[in-house]
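Have a look at the structure below before the remarks.
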2 protein chains.
Amino acid sequence: MTWQGLTDRELRAWRTSFHMLELLRARIEQQLQTSSGLSNADYTVLALLSEAPGGRIRVYELGRLANWEKSRMHHQLNRMSKRGLVTRERCGSRGMYAVITTEGRATLKQAVPGHVQEVRRLFVEPLTAEQLDQLTGIAATILDTLKADRPEA
Amino acid sequence: MTWQGLTDRELRAWRTSFHMLELLRARIEQQLQTSSGLSNADYTVLALLSEAPGGRIRVYELGRLANWEKSRMHHQLNRMSKRGLVTRERCGSRGMYAVITTEGRATLKQAVPGHVQEVRRLFVEPLTAEQLDQLTGIAATILDTLKADRPEA
DNA sequence: TAGTGTCAGTTGACACATCAACTCGAAGGC
DNA sequence: GCCTTCGAGTTGATGTGTCAACTGACACTA
């Protein structure tokens, strides 16, 4: 394998970061799943809806907020509505609302403390305050690059 | 939504970092997919096999190297062997080798430059050398925490 | 030698993500 | 009025990831 174009240091930075993300994501997801039966995707949708007035958001707006493709959101809402976590409501002639149900709110409420605790334990506490700020800066920089590179993202 | 247990700064660090890594991952994957028809998973397997003597690695060892569950590796190798990128060979009575094919090598060789270029463009170049080192340290710290928390990972 | 445990590998079910193609109503121009 | 375009939403196909249950060979031992 030749790695022209990346120094060892750069390659290591990439592989370590990528691997860390994979593991961290899996671990957070696992905790959510076993403690509440929610996936990361479920949690994201419920959190966004619960913060919105009336617990309802237009589906395309929800997709924009979560940065998801519309069909991803559609499939996700399908699965969640089968489980009673959300419902859909017509909005005018062509629009749809996604609405969090009572059961959705209850499930989220039950899931939040453990989730926050896990994020704190695995992500926040191992790092110094300085590292956390550095990381925020780094993430923001790369996000800017990504959005500049393909503005619609 | 109440976020007991996380300060605004910590929450922002978490959300920004998570979002950045998700987007970056998707973008790298997209580039690989459109330029070579490979997924990140395909690429990982091909890269590992191509670096091994004889282009072959025991399946369980491959899983260990990539940090994957055995069934994930199994399904992945199934899909890849259907496409002619790898084959399997018996190893003794109970073992299996995964072996990269000529076609797998060719596909990988063709994919590497664009992939490396994309990693450089989206991940390495936006950051200063100092930031890159900081990030490597941060990722390593979190990885250590994860592995200490559940040693088999 | 039967019983037990272990480990690599396999399988099937299900959830998640992405892509392309499609519907349908609205908006704008002619 | 008619046509085109567009955007929100829907659908199906395919690939990806996880879990639990199973197989089959080996090792250990009572």
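So the values come out like this:
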item	result
Helices (runs of 4 or more DSSP H) within the stretch A:21-104 that include 1 or more residues more than 13 Å from DNA strand C (Cβ to nearest atom)	A:40-51, A:59-66
Of the criteria (1) over 18 Å from the mean Cα position of the chain (by Cα); (2) surrounded by 15 or more Cβ atoms within 10 Å (Cβ to Cβ); (3) more than 13 Å from chain B (Cβ to nearest Cβ), which one A:Gln134 fails	(3)
Selected residue (criterion: least open to solvent (accessible area, probe 1.4 Å)) from residues of the stretch B:1-17 that are more than 8 Å from chain A (Cβ to nearest Cβ) and assigned to a helix (DSSP H, G or I)	B:Leu11
Residue in the stretch A:46-55 that is in contact with a helix residue (DSSP H, G or I) (Cβ under 6 Å, 6 or more places away or on another chain), surrounded by fewer than 19 Cβ atoms within 10 Å (Cβ to Cβ) and under 15 Å from B:Phe18 (Cβ atoms) present	yes
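The values are calculated or read from the model by the stated rules, or taken from the named source; none is laboratory data. Every value quoted in this text rests on a predicted model; they were computed, and no experiment measured them. Here Cβ is always computed from backbone atoms with ideal geometry, including for glycine, and neighbour counts include all displayed protein chains. Just the protein is used for accessible areas: all its heavy atoms, side chains included, with ligands, DNA and RNA removed. Shrake-Rupley method; radii C 1.70, N 1.55, O 1.52, S 1.80 Å.
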